[in-house]
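Single-structure report; data block below.
Computed from the coordinates by the stated procedures, all read-outs in this text should not be read as laboratory data. The structure presented is a predicted model; accordingly, all values stated were derived computationally and were not measured. Please note: Cβ atoms are built from the backbone with ideal geometry, for glycine as well, and neighbour counts cover all protein chains shown.
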Amino acid sequence: MNYQRYFSRGADLMQESAIRKMGTVGARVPDLISFAPGYPAPDSFPWDDFRAITTDLLTAREATTLQYGPTRGFAPLLDALVGVLAGRGIAASVEQLLVTTGSQQGLDLVARVLLDPGDVVLVELPTYTGAITAFRNVQAELVGVRQDTDGIDLVDLEAVVTRLRAQGRRVRFLYVVPNFQNPTGLLIGLAKRQRLLEVAAKHDLLIVEDDPYGELYFSDFASAAETRPIKADDDEGRVVYLSSFSKTLAPGFRVAWVAAPDEIVAKLEIAKQAADLCTGALDQRIVWQAIERGVLAAQGPTLRALYQQKRDIMERALRDRLGRTMTWPEPRGGFFIWTRLPETVDAEAMLVRATAHGVIFVVGSAFYVDGAGRNMLRLSFSQPTTARIEEGVRRLADAIHEELDLAGQGVGAAGGGASRGTGAPRG
Ligand SMILES: Cc1ncc(COP(=O)(O)O)c(C=O)c1O
């Protein structure tokens, strides 16, 4: 049968996630080192705490633990989220919260509730691929806004909104990842966050703020104060805030949440009813207990030290082996190093060569809505061990040098290439 004719227009437009696709490649090639997905380090999961919590929950045989639950979320978890948000400077009531099955579901629900086909969503150039797919799935048009070394360029933002509005386009919201953005690792400066709220008010835009990495700041360049969410200063109720336990506890639970004005949350709840009725009851209870027992609080310093060390190792290896060929902004937190190769290099071709050398990454173009990024690579340092990071960069360097030599642009020919750190200088 040819099923093509049965698919909806929406299904025809759906695109497979470039990152998920790399997972399939990774599973097929033996001894492959993957810098592709933003997976946490599995040895960072608090296994013993989770075992104790799960044993207690299942031993208690409380019926609701394995039952359907309210769509909004498990009430004690919602109460605990109020505290988590307060710790980030956000005053939210329980009525303003919805537990979601990962932040990815939050993005999908936001798209369903706020967007009609043909509406415009503004996104950073580059931006998170999962947001691109969620917004495109409801047939929104994505328009990019440039970034500076400290995140979104507000002059460009105003120019883009003004141009689109003059064309009669319905610009609905701006999607931003202010803390250690995926893929660039950039951090929006505090003063800029304030000005962003002012620009949003001036142009009557909502802001969808996605914050899975805020806890993962590296002490050499950033502090908790610098990760203060935009939502914390949102006096008008313009910000829909998403966050997740995927990077701090474990993504396998699929527990995340949205904090937004009551009316928006009420609509998101209805959209979620159709999607999955409720997030897993056992998962929500494990996360709730991890908060109550101090497991989440203890994870913060451990994860910051772990990922900072991994970043250092990947950066050192890149500097030693590819410092004359690649540049990158210094990641101040999060999971990623966003690297730029000479303009002539095509990351897609490079990926084929790198796979043959036993290493993969995500090609930069996956993160751009305007076709740019052909010579960019996103390297994730979060999951591989430090030894695998070093070996992976060695393989990557071999692949890149081979490609450049074939093109007659070896390191010698490149005349020293660009220096590192041009995106976001240290300090
Ligand atoms: C910016 C961003 N938003 C959302 C997500 C999805 O996270 P979750 O596991 O909570 O669905 C990710 C995962 O990598 C991410 O990087």
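If packing is taken as the mean number of other Cβ atoms within 10 Å per residue, what is the order of 211-217, 221-227, 34-40, highest first?
On the way: 211-217: 25.0, 221-227: 16.1, 34-40: 22.3.
Result, highest mean Cβ count within 10 Å first: 211-217, 34-40, 221-227.
Rounding to the nearest 10 and keeping the result within 0 to 90°, find how far the Cα-based axis of helix 347-356 lies from the longest principal axis of the chain.
In the chain, helix 347-356 runs at an angle near 80 degrees to the longest axis.
Can you tell me the orientation of helix 190-202 relative to the chain, as the angle in degrees between its alpha-carbon axis and the longest Cα principal axis, to the nearest 10?
Tilt relative to the chain: about 70 degrees.
Express the relative contact order of the chain as a whole percentage, based on alpha carbon pairs under 8 Å and six or more residues apart in sequence.
Relative contact order, the chain: 23 percent.
Each residue of the range 162-171 in order: what ³J(HN,Hα) in whole Hz does its phi give by Karplus 6.51 cos²θ - 1.76 cosθ + 1.60, θ = phi - 60°, with x for Gly and Pro?
Each residue of the range 162-171 in turn: 4, 4, 5, 5, 4, 7, x, 7, 8, 8 Hz.
Determine the shape class of the range 112-169: with a ≥ b ≥ c the square roots of the Cα gyration tensor eigenvalues, call it rounded for a/c under 1.5, and otherwise prolate if a/b is greater than b/c, oblate otherwise. Don't skip to the end; give the middle numbers.
Numbers: a/c = 3.02, a/b = 1.23, b/c = 2.45.
It comes out oblate by the Cα gyration axes.
Fewest first, what order do Arg378, Arg112 take by the number of other Cβ atoms within 10 Å?
On the way: Arg378 28, Arg112 18.
Listing Arg378, Arg112 from fewest to most nearby Cβ atoms yields Arg112, Arg378.
Using Cα centres only, tell me the gap between the range 223-291 and the range 41-84 in whole Å.
Distance between centres, Cα-based: 15 Å.
Give the shape of the range 197-276 as rounded, prolate or oblate, defined through the alpha-carbon gyration tensor: a ≥ b ≥ c are the square roots of its eigenvalues, a/c under 1.5 means rounded, and otherwise the shape is prolate if a/b is larger than b/c and oblate if not.
Numbers: a/c = 3.11, a/b = 1.09, b/c = 2.87.
Judged from the Cα gyration tensor, the range 197-276 comes out oblate (a/c at least 1.5, b/c at or above a/b).
For a quick protection proxy, order the peptides 317-327, 42-52 by their average other-Cβ count within 10 Å, most packed first. Don't jump to the answer; show the numbers that get you there.
Details: 317-327: 19.6, 42-52: 13.8.
The packing order, highest mean first, is 317-327, 42-52.
If you build the Cα gyration tensor of the chain and take the root of 5 times each eigenvalue, what three semi-axes come out, in whole angstrom, biggest first?
Its equivalent ellipsoid spans semi-axes of 34, 27, 22 Å.
Could you work out how far helix 75-87 tilts from the main Cα principal axis of the chain, as a 0 to 90 degree angle to the nearest 10?
Approximately 50 degrees, to the nearest ten.
Once phi is turned into θ = phi - 60°, what whole-Hz ³J(HN,Hα) does the Karplus curve with 6.51, -1.76 and 1.60 give for every residue of the range 268-279, x standing for Gly and Pro?
Couplings: 4, 4, 5, 4, 5, 4, 6, 7, 7, 6, 6, 6 Hz.
Rounded, prolate or oblate for the range 349-403? Axes are the square roots of the Cα gyration tensor eigenvalues, ordered a ≥ b ≥ c, and the cut-off for rounded is a/c under 1.5.
Note, shape of the range 349-403 comes out oblate.
Show that you can apply the helix-only estimate: for the chain, add -39,500 (n - 2.57) for every DSSP H stretch of four or more residues, divide by all residues, and state [θ] at 222 nm to the nearest 500.
Details: 13 runs with 177 residues, N = 427.
Taken over the chain, the calculation gives -13500 deg cm²/dmol.
Give me Val161, Val155 sorted ascending by neighbouring Cβ count inside 10 Å, so fewest comes first.
Fewest-to-most Cβ neighbours within 10 Å comes out as Val155, Val161.
Please report, in debye to the nearest 20, how large the charge dipole of the chain is about its Cα centre when each Lys and Arg carries +1 at its beta carbon and each Asp and Glu carries -1 there.
Roughly 500 debye, rounded to the nearest 20.
Would you please put 139-150, 178-189 in order of how densely packed they are, using the mean number of other Cβ atoms within 10 angstrom per residue and starting with the highest? Walk me through the numbers on the way to the answer.
Working: 139-150: 17.8, 178-189: 26.3.
Going from most to least packed, we get 178-189, 139-150.
In percent, what relative contact order does the range 77-182 have, based on Cα pairs under 8 Å that are 6 or more apart in sequence? Before the final figure, lay out each step's value.
Details: 118 pairs, mean separation 26.7, N = 106.
Relative contact order for the range 77-182 comes out at 25 percent.
If you scale each eigenvalue of the Cα gyration tensor by 5 and take the root, what three semi-axes come out for the range 307-349, rounded to whole angstrom and sorted largest first?
On the way: eigenvalues 84, 28, 14 Å².
The answer is 20, 12, 8 Å, longest axis first.
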